[in-house]
Every structure is written in structure tokens, then in C-alpha cells.
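Chemist: My questions all concern the structure below.
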């Protein structure tokens, strides 16, 4: 029987344009314990941009970078395990902050720098959105194209699925798993939700599976696994492994390459930052290998990695044209918040991941006006009341536009 199964798999793998081994398939765990035990931290729903004073006629507004750094550090240093921040303008570093521990002394004593890697949680959605923008642009497929015909054909598809577009996924408006607090995105879960369908297409509801589905759609759009592909054995496992492998390869070549990112990973390395509660107590938390929820979470990057990706996307014409990049930002693809300042519009993406004991890793990425990008990593909650990092950074920025 084992020989027969091995021969079947050999023939099956010949039909896929992604190199895989029988050992990979048998070793693959579709829903590992470290994923089910963690939770995605969304933060509060933001109703709109910060309330700003009316611009003074003929006043020339400027950004006070030192004031921003001073106020941000004062706010964070007394309330977190540790953090780092870097801000670039035109791709050049203009401000850097780094404070305290990425790994506390009891865990090896590694201090924060912008070169320290951490799980960026939902900031992974920004990577996925950039990848989808690139692929749809290459294929000349409009964002308002329905996703139905690009999903695995063997999946059952409930009511409303035929109305969901790529744009709906990229802006959390598919209506999938609508109104539910938990936000899983493993293969089996997404398959089951698509089978149930959606009656809320067009309504906003933050769900990781919107971007988890994107990593499956990347593979079918690429033609590395055909929507008609079926197999009598290990069907879900093969689809899961193929789409995860292809997603990583596509991001590596088309997002990380132009961003000069050398060591992006969906697994947690031994030198990566650990997550802590606040106040800090005990050992830090290693959130583990998060490949099975890739698309909506999972990437381990440094601050400099994220800044490199953001700069390549926004200004270098090395991923897509700057016109297409700006259109995607304005449409909110992979973005949580679009706000206004007297200097212009900013775009922000938040990420947070936690265990059941309050140990948290979080980051935020901002495209600010005047060709400025800023990324902040924090490896704990902010204070005992868990202040919202994205809101804090936005406030310190807008308070220092004068």
C-alpha cells in the first residue's frame, strides 16, 4: 500500500509547477498548536482620521522630527518591555529610536535595534497586498474582478461568494466570517467559511482570512496549481503546501527582492525578538512557525526590512509603477487607516499577535507625507491598559506638524 501511495504521489506532484517532496507532504501540519493558541490583536475600530486644527492661511507647515521622537519615547519608554523606531525620508534614515530589550536578560539579553527581527503579525498583510497589486497589474486583471473562478474548483462555494472581488479581500469587505471576534486563516478554516458563503459583501469586517485567501489566489493566478486540480489522496494538504510554497517564493522574488530583504521568514529564528507582558514578568514568548496562516500574518522581518519594502513600493518603480502604488494606497489595499494632516495624507498598517497570558508583539508601518516612512516595533502591550500603538504614533506625528 505504501508503494502504491508513493507512486500515486509521484504522478500527482508531476502535475504541479512547484517542487515538492513526498516527505514535505507527510510532515505538513495544517493547524499547529502554536497557531490555534495565539490570537491576532486587531486594535480598536478607527472611525476616521485624527481631529486636526484648521490650517492657518499662509502658514507654512513643517514636521518637527525631534519633537516627535521626544514625545514618542516619553510615551513608550515607561510603558513597554522595549521598542525600536526608524523614520526615513526619500529612503534615507532621518530619525532612529531604540530602547531596552528585544530579549530580556533572562532570555539572553538582546537589545533593540532596527536590525532586530520580529514577527510583524498583520503588517504581513501589507506584504501580501503589495504582492497582489504586483500580480494583478502584471496579469492586467482589474481589482474589481470576482475571485470565484480563481478559487479551488473542488471547494464548495456558498451564497454570495460569486460577488466577492479582489478589492473586497484587500479592504476586508468580503463579509466572510462576518462579526466574529476570532480571526483564523488556516486552509481548512477558509475552505469551510467559503462553503458557508457571505451575506455581507461590501461591509467592512477585519478578518485575517481575507489575506489568507490571497496566498491561495496568488498560486492559481500564477498557474502553479490549476483551479481544476484534484487528487484522490492528500488533496487539502497538497493545496495547502503548494500555495504556501508559491506564496513565499513570489513574495521573495517580487517584494523582498526589490526591498533588499535578505532573511524574511515565516518561522521564528533563535535570535528573533520575544514577546512579553507588561509589566515584564517571566520568560518571553516565541510565537513559533506561522506558515499555515501566511497571507494575513506570519512574516518575521526587521524594521529596516519593512522600510525597504515600503520604499521600493512607493517610490522606486521596482515592484509596480509609482502611479499604481499610490492608487493602491489610496484604495486602502492592505492599509488600516488613511488620515489627513496639513502636510498631506498618511497611510497606516497595524500588526499585533498575543498569547493567552498577555505576551504581545506588535508593530506599525506608516507612509507619511513628504516621502517619509516610519516603522515602530514593540514587544509587549503598551502599559497596563494596552494602549493602541497605531493611534499613539499617529497622535505624536500630528501633534508635531506645526
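A short reminder: the numbers here are calculations on the coordinates, not readings from a lab. Since the structure is predicted, the reported quantities are computational estimates derived from the model, not experimental observations. In this analysis, Cβ positions are derived from the backbone assuming ideal geometry, glycine residues included, and neighbour counts consider all displayed protein chains.
Chemist: Scan (1) in a helix (DSSP H, G or I); (2) in contact (Cβ under 8 Å) with a residue 60 or more places away in the chain for the single condition residue 327 breaks and write down its number.
Modeler: For residue 327, the exception is condition (2).
Chemist: Test residue 145 against the stated conditions and say whether it is touching a helix residue (DSSP H, G or I) at 6+ places or on another chain (Cβ under 7 Å), closer than 30 Å to residue 164 by Cα and free of Cβ contacts under 8 Å to residues at least 60 places away in the same chain. Don't jump to the end; show me each part of the working.
Modeler: Values: touching a helix residue (DSSP H, G or I) at 6+ places or on another chain (Cβ under 7 Å): yes; closer than 30 Å to residue 164 by Cα: yes; free of Cβ contacts under 8 Å to residues at least 60 places away in the same chain: yes.
It is true that residue 145 is touching a helix residue (DSSP H, G or I) at 6+ places or on another chain (Cβ under 7 Å), closer than 30 Å to residue 164 by Cα and free of Cβ contacts under 8 Å to residues at least 60 places away in the same chain.
Chemist: Can I ask one more? Hey, among the residues in region 62-85 that are out of contact with any strand residue (DSSP E or B) (no Cβ under 7 Å at 6 or more places or on another chain) and outside any helix (DSSP H, G or I), which one's surrounded by the fewest Cβ atoms within 10 Å (Cβ to Cβ)? If you could, list the steps in order and put the result at the bottom.
Modeler: Taking region 62-85 and keeping what is out of contact with any strand residue (DSSP E or B) (no Cβ under 7 Å at 6 or more places or on another chain), we get 62, 64, 66-68, 70-71, 74-75, 78-79.
From what is left, the residues that are outside any helix (DSSP H, G or I) are 62, 64, 78-79.
Working: 62: 12, 64: 14, 78: 8, 79: 20.
Checked region 62-85; the qualifying residue surrounded by the fewest Cβ atoms within 10 Å (Cβ to Cβ) is 78.
Chemist: Please list, ordered by residue number, the helices (runs of 4 or more DSSP H) wholly in region 182-277 having 3 or more residues that are surrounded by fewer than 20 Cβ atoms within 10 Å (Cβ to Cβ).
Modeler: Values: elements: 187-196, 209-222, 235-251.
Where helices (runs of 4 or more DSSP H) fall fully within region 182-277 and carry at least 3 residues being surrounded by fewer than 20 Cβ atoms within 10 Å (Cβ to Cβ), they are 187-196, 235-251.
Rundown of residues vs (1) touching a strand residue (DSSP E or B) at 6+ places or on another chain (Cβ under 9 Å); (2) surrounded by fewer than 21 Cβ atoms within 10 Å (Cβ to Cβ); (3) closer than 16 Å to residue 126 by Cα, yes/no style:
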| residue | (1), (2), (3) |
| --- | --- |
| 287 | yes, no, no |
| 301 | yes, no, yes |
| 321 | no, yes, no |
| 348 | yes, no, yes |
| 366 | yes, no, yes |
| 371 | yes, yes, no |
| 376 | yes, no, yes |
| 384 | no, yes, no |
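Chemist: Can you pull out every residue in region 276-288 that is in contact with a helix residue (DSSP H, G or I) (Cβ under 7 Å, 6 or more places away or on another chain) and more than 18 Å from residue 386 (Cβ to Cβ)? Even if it seems obvious, please write down each step before you answer.
Modeler: Filtering region 276-288 for residues in contact with a helix residue (DSSP H, G or I) (Cβ under 7 Å, 6 or more places away or on another chain) gives 283-284, 287-288.
Matches in region 276-288: 283, 288.
Chemist: Could you say which residue among 377, 366 is at negative phi, touching a helix residue (DSSP H, G or I) at 6+ places or on another chain (Cβ under 7 Å) and free of Cβ contacts under 8 Å to residues at least 40 places away in the same chain?
Modeler: Details: 377 fails: free of Cβ contacts under 8 Å to residues at least 40 places away in the same chain.
Result of the check over 377, 366: 366.
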